[in-house]
1. Looking at PHE148, PHE88 in this structure, which one is in contact with a helix residue (DSSP H, G or I) (Cβ under 9 Å, 6 or more places away or on another chain), aromatic (Phe, Trp, Tyr) and under 20 Å from ASN209 (Cα atoms)?
2. Name the pairs whose Cβ atoms lie under 6 Å apart, with the first residue in region 140-154 and in the same structural domain as ASP193 (by TED's automatic domain parsing), the second of a type in the set (Gly, Ala, Ser) and surrounded by fewer than 15 Cβ atoms within 10 Å (Cβ to Cβ), and 6 or more positions between them or separate chains?
3. Would you point out the residue of region 113-135, among those that are more than 21 Å from the chain's Cα centre (by Cα) and in contact (Cβ under 8 Å) with a residue 12 or more places away in the chain, that is surrounded by the most Cβ atoms within 10 Å (Cβ to Cβ)?
4. Which one of these does GLU156 not meet: (1) under 21 Å from TYR199 (Cβ atoms); (2) touching a strand residue (DSSP E or B) at 6+ places or on another chain (Cβ under 9 Å); (3) surrounded by fewer than 16 Cβ atoms within 10 Å (Cβ to Cβ)?
Amino acid sequence: MIRLKRRNTPWLLVLGTIVGFAFLTGAVPPLVQAALLVGFGAATIGSIFEFGKDKNVLKDVIQRAPLRNRITPQAKEAVERAKSRTGFAPMTAGMTMLDVGIIAVQTSSEGIAMRRTRNMSKDDDGVRPFVTLHVQPEEAGRNAVIRFEFINHYGEQAFVHEMRTYLRDGEMNVMADHHLPLADNHDVGGTGDWDLRVYIDGELVALHNVMLAPSVRERQRRLSGSRQRLSDYVEKEEIVEEIPMSLHELLQEKQRSANSNRRS
């Protein structure tokens, strides 16, 4: 932000009068006149205009250079994919997305297992989306609305969760309060590519791709069903092949018919 510093105006008027007098007298060599003119211009710019936060731009760039190195490939990919969609808006300079993804939870006899993944399945109890942000001081101290959406392979909304999050200075992990149930969820069917969309204050900031796979039980059922269909096909083929008589049987049948005609 550029602001006018009026307190320096009288000093500049005096300096300008001195420089003007030097030009009018003609006693000052041209080279010195040029130097006085350049110096007066620099003094005018430095004394009248105040560059507020812009004077820290270089400092901010230097400080944020290590931060860019901490952005995960998943976050970079999600931002690039989101850029081509309607509603995308780049994040403010005071906020950086470091990571995005899903956490799958699965219960077994050994306990509860949590894993970060891009491949979820119906064997998982459920999945929770998350985003990792780095917040600068100028963006901290306020509430932001963070929205997670799962778009299934049919292009339909399979999960929508919106939450108000208080932004704190520094790195913070934001995970959805609720999870998308997968195991025994009859509303989630089929397999294919899903999208996780992340919105901050109504603006699309990330589009993360994930994959839904069937459960082991579903795979076994499909495999057994394929085997059953193959078995039925083979049995039908065998029955069909038993209906027509072989060449030997045809000859025997003709011979029996001929013998019967002779007797009659």
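1. On the way: PHE148 fails: in contact with a helix residue (DSSP H, G or I) (Cβ under 9 Å, 6 or more places away or on another chain).
Result: PHE88 is the single residue among PHE148, PHE88 that is in contact with a helix residue (DSSP H, G or I) (Cβ under 9 Å, 6 or more places away or on another chain), aromatic (Phe, Trp, Tyr) and under 20 Å from ASN209 (Cα atoms).
2. If the second residue must be of a type in the set (Gly, Ala, Ser) and surrounded by fewer than 15 Cβ atoms within 10 Å (Cβ to Cβ), the pairs left are HIS153/GLY192.
3. Pass one, region 113-135, residues more than 21 Å from the chain's Cα centre (by Cα): 113, 122-125.
When the remaining residues are screened for being in contact (Cβ under 8 Å) with a residue 12 or more places away in the chain, the result is 122-125.
Values: LYS122: 19, ASP123: 17, ASP124: 26, ASP125: 17.
The extreme case among them is ASP124.
4. Going through (1) under 21 Å from TYR199 (Cβ atoms); (2) touching a strand residue (DSSP E or B) at 6+ places or on another chain (Cβ under 9 Å); (3) surrounded by fewer than 16 Cβ atoms within 10 Å (Cβ to Cβ) one by one, GLU156 breaks only (2).
Condition check ((1) modelled with pLDDT of 95 or more; (2) among the aliphatic types (A, V, I, L, M); (3) loosely packed, with under 14 Cβ neighbours inside 10 Å; (4) assigned by TED's automatic domain parsing to the domain that holds GLN74) across all residues:
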{"position": "GLU162", "(1), (2), (3), (4)": "yes, no, yes, yes"}
{"position": "ILE200", "(1), (2), (3), (4)": "yes, yes, no, yes"}
{"position": "ASN209", "(1), (2), (3), (4)": "yes, no, yes, yes"}
{"position": "ARG221", "(1), (2), (3), (4)": "no, no, yes, no"}
{"position": "SER226", "(1), (2), (3), (4)": "no, no, yes, no"}
{"position": "GLU237", "(1), (2), (3), (4)": "no, no, yes, no"}
{"position": "ARG256", "(1), (2), (3), (4)": "no, no, yes, no"}
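The values are calculated or read from the model by the stated rules, or taken from the named source; none is laboratory data. All values derive from a computational prediction rather than experimental measurement. When we count neighbours, we look across all protein chains shown, and the Cβ atoms used for this are built from the backbone with ideal geometry, even at glycine.
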